[in-house]
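The values are calculated or read from the model by the stated rules, or taken from the named source; none is laboratory data. Since we're looking at a predicted model, the values are computed, not measured. Here the Cβ positions follow ideal geometry from the backbone for every residue, glycine too, while neighbour counts run over all protein chains shown. Remember, those area values only see protein heavy atoms, side chains included, never the ligands or the DNA or RNA. Shrake-Rupley method; radii C 1.70, N 1.55, O 1.52, S 1.80 Å.
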Amino acid sequence: MKYYTLQVVWILGLLLGLCANTYAKQNSQDGFLKIYDLEDEWQVYDTKYNSYVPYIEDRHVDSKTASFWLDAQKYKGYSLTFYSPKDVFIFINKKLCKEVTQEGWVTFSIDSLRQAFDQKKKLFFTFYDRGYRLPLKSVHIGYFKEDFITTKKTKKQESKIQEKSRYLSGVKDFMIIIGGVLLGIFTLLWNFHPKTFLSYYSFRSSVSSLSRKDISLISKPFNAINLLFLALHALVISLFFMLAQKDVTGILNVSFKLVNANYDFVSLLANYTLFFAIVFGLIFLKYILLKVFGILLSLEKIEYTHFYEYMRLSKLFYTIAVIFPVFMLISAEEYITELNKYFIYFVIGFHFVQTMLVSFYVNKRVQFKNLYLFYYLCSTELTPLLIGIKLLLFN
């Protein structure tokens with residue numbers, strides 16, 4: 001009996017020793033002398049106040065992001081080190097700088113950070129973790145002993161930020177591939193259906209006497225050929241709005257919140273497919289709206305030309321508008337965050353102009369003007385526009 005008791009005590013002691021050793025490894029780093037602890041400096045974005053507030057464990061326990069400010073001028077010559085679980089993304093001044101792929105200690109040279117970020121005195125760190133393991137418990141500022149640096153240099157895990165930090169390489173590769181696919185589809189449609197292509201992507205308004213439109217193209221908006229062009233248009237809009245998505249830190253965010261997405265190609269493709277389904281569904285809903293109110297207000301047949309002109313203007317705008325952000329993301333990604341700020345205003349401005357042009361066009365097509373025409377335009381153009389503005393600006 002005593003033998004088994006000794007065995008149990010020995011095993012418990014071994015387990016306690018292993019736990020203590022693991023805890024010690026997570027809360028200290030060999031040869032690192034701490035001069036300041038950042039454990040109490042964590043902040044989280046609070047949607048109630050629309051600003052960053054100090055982290056409170058009871059209130060912010062389910063936060064996927066956590067941030068803190070680092071005074072690079074004050075701590076020049078020192079290093080920042082922290083113990084991180086795997087699959088954590090580290091952003092500095094709203095730019096992705098590192099993805100932690102293995103659990104362990106991560107060390108940044110503060111002088112290297114200052115050089116990488118144009119000698120900025122203060123740096124804003126944001127950590128993103130889908131596993132809700134934030135904030136990190138061990139975050140320290142200090143320096144390594146000289147003898148440790150010389151003898152253990154090869155074992156030291158230190159990351160120096162490149163001067164030209166990248167966003168998400170997976171996003172860039174995805175955009176290049178999707179952009180190439182869309183360009184290929186445009187080329188095929190141009191070669192196999194040039195008349196339809198020129199009808200949709202012509203700068204001549206349907207009101208113009210110089211414009212020659214195919215009546216069958218207008219009267220059958222969902223035939224096989226039109227369906228191809230509508231699907232292509234939905235793909236273009238989906239790409240545009242994926243580029244426009246941002247999270248509270250301002251970083252490019254393509255998760256759309258309905259799909260649990262990573263930054264790999266498969267997850268991005270799943271999000272893109274979701275965007276496409278929603279956009280195509282909204283296009284079909286727009287046609288149903290025009291059809292229903294056309295019948296209710298005794299304006300039959302006008303919905304075909306209305307829908308055609310609406311889609312023609314929309315295709316022109318989004319096809320041109322998507323080129324610039326894709327180009328910026330691929331070749332000048334440091335400006336894409338600034339560009340994102342103005343996406344929403346470009347979109348709203350276009351839809352205002354589109355509403356006026358389409359209303360003018362519909363007014364030209366109706367022979368006898370009456371109050372029903374005003375109700376029809378309010379129901380099919382003005383009301384959806386106001387709803388869109390509410391969702392984009394005040395949601």
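Things worth noting here:
- Each of the peptides 384-390, 215-221, 308-314 was scored by the mean count of other Cβ atoms within 10 Å over its residues; in descending order, highest first, they stand as 308-314, 215-221, 384-390.
- Taken along its principal axes, the alpha carbon cloud of region 52-145 reaches lengths of 35, 28, 23 Å, longest axis first.
- Potential lengthening of the chain between PHE374 and ALA231 amounts to 48.4 nm, from the contour at 0.36 nm per residue minus the alpha-carbon distance.
- At q = 0.27 Å⁻¹, base-10 log of I(q)/I(0) for region 266-332 (Debye sum, equal scatterers on each alpha carbon): -1.13
- Sites GLN119 and LEU316, calculated FRET efficiency, Cβ-Cβ separation with R0 30 Å, nearest 0.05: 0.10
- Assuming charge only on the beta carbon of Lys and Arg (+1) and of Asp and Glu (-1), the dipole of region 32-144 about its Cα centre is about 400 debye to the nearest 20.
- Per-atom-type breakdown for region 32-144 gives carbon and sulfur 43% of the accessible area (1.4 Å probe, protein chains only).
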